[in-house]
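Working notes for the structure below.
What follows draws every value from the coordinates through simple rules; no lab data is involved. What you see is a predicted model; the values in this text were computed from it and never measured. Virtual Cβ from ideal backbone geometry, glycine too; neighbours counted across all protein chains shown.
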Amino acid sequence: MEPKKTEKTDLENKKNIFIEIGFIVALGLILLAFQWTSKPEEVEGFESESDTEIEQESVPITRQEQEKEPPPPPKTTEVINIVDDEVDIEDELSLETTEADQETEVSIDAFADQEEEAEEEEEIFVRVANMPKFKGGGLNSFRKWVQKNLEYPTVAAENGIEGTVYVKFVVNKDGSITNIQVIRGVDPSLNKEAVKTIKSAPKWKPGSQRGKPVRVRFSVPIVFELQ
């Protein structure tokens with residue numbers, strides 16, 4: 001007997017044909033979709049921008065008025081009073097005549113002030129070749145003399161005030177003592193007594209530099225001690 005083919009077997013033989021037909025139809029639909037163009041429907045109430053004309057508003061050109069500077073104030077004119085020629089002028093220039101002869105002496109003091117300023121501006125040395133001497137000694141001799149001649153102030157002694165007063169001074173070209181100043185004091189009464197004692201000291205033998213007398217500054221401590 002010959003085997004009979006069922007309907008199921010016949011359909012499977014045509015399966016490949018159906019797949020190819022399906023691909024062709026799908027491809028045709030895709031091409032048709034690309035070529036299909038649709039026009040947008042016009043919406044009522046809106047106008048296309050190309051049809052409407054844009055109206056440009058004309059802006060008027062305005063110029064700012066420049067502020068005018070105020071006119072300058074009027075110049076004041078001086079009033080000149082014209083005086084008649086007949087008016088007598090009381091104020092007259094009177095010149096005093098001074099007569100000078102050969103015997104007239106004229107004193108000129110222009111250089112006097114300059115000499116005083118030159119003396120004040122003279123250099124004061126601290127150490128020179130030949131230092132000033134006091135009674136054959138130096139600063140120690142002078143200090144001993146001051147300590148010996150001190151008079152203890154009564155007020156300071158009653159209040160038990162003691163201390164050391166430091167004083168500076170200058171020995172001039174002639175050996176005199178000037179420019180006495182208290183560098184560091186203790187009590188006004190002690191300071192005053194120290195300055196007073198130094199002022200009363202005898203003259204020194206002046207110092208010299210290069211054979212010329214010069215001014216030399218010294219400083220000395222003066223001790224006030226109650227015994």
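Only one entry of P188, P221 meets the criterion of being surrounded by fewer than 19 Cβ atoms within 10 Å (Cβ to Cβ), within 11 Å of V167 (Cβ to Cβ) and within 48 Å of the chain's Cα centre (by Cα), and that entry is P221.
Taking region 111-227 and the strands (runs of 3 or more DSSP E) fully enclosed by it, the elements with 1 or more residues that are touching a helix residue (DSSP H, G or I) at 6+ places or on another chain (Cβ under 9 Å) are at 163-171, 177-184, 212-224.
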